[in-house]
Amino acid sequence: MAISLDELFSDKYSTAVVATAVAAAAEAAAAAAAEETPEAVSPPEAQKEVKEAAKEEVKEEPKEEVIELKVPICCEGCVEKMEKKLILMEGVVGVDCDVEKQKVTVRGTAKLEVVLKKARKIQRRSELWKD
């Protein structure tokens, strides 16, 4: 039984008939929306997808490392130059220079190869620190 809006709002129908028609229209709209959405995912599958997404997020965050380099440092000018250029690198959190030990310590998530290459551009004789 299809009733137009004009007929619904006329005094011809009782409020019970109007309420029934509105409820039927709402059910029809909900059914149409359910048909348009993709199939529902079962709870175990949904939990599995959430766990996989969480694992991917964890993998994306590289852990912070400490890279130690042997660098010929002769003065405060060399220290400032190393600190200034290395701290600008992506993934570098901190740089410490020890003039007495000729040692530069780099903290952060930057890769070892990238830091060593940059250090060699600054000071050609830079190399990895050997314990």
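Quick note: the coordinates plus some simple rules give every number you see, no bench work behind them. Source: prediction; values computed, not measured. Please note: Cβ atoms are built from the backbone with ideal geometry, for glycine as well, and neighbour counts cover all protein chains shown.
If only one of V71, V66, V99 is hydrophobic (A, V, I, L, M, F, W, C) and surrounded by 15 or more Cβ atoms within 10 Å (Cβ to Cβ), which one is it?
Details: V66 fails: surrounded by 15 or more Cβ atoms within 10 Å (Cβ to Cβ); V99 fails: surrounded by 15 or more Cβ atoms within 10 Å (Cβ to Cβ).
Only one candidate passes the filter, namely V71.
Among the residues of region 65-76, is any part of a helix (DSSP H, G or I), among the hydrophobic types (A, V, I, L, M, F, W, C) and more than 19 Å from W129 (Cα to Cα)? Lay out the reasoning, then the answer.
As a first pass, look at region 65-76 and keep what is part of a helix (DSSP H, G or I): 76.
From what is left, the residues that are among the hydrophobic types (A, V, I, L, M, F, W, C) are none.
Looking for residues that are part of a helix (DSSP H, G or I), among the hydrophobic types (A, V, I, L, M, F, W, C) and more than 19 Å from W129 (Cα to Cα), one finds none in region 65-76, hence no.
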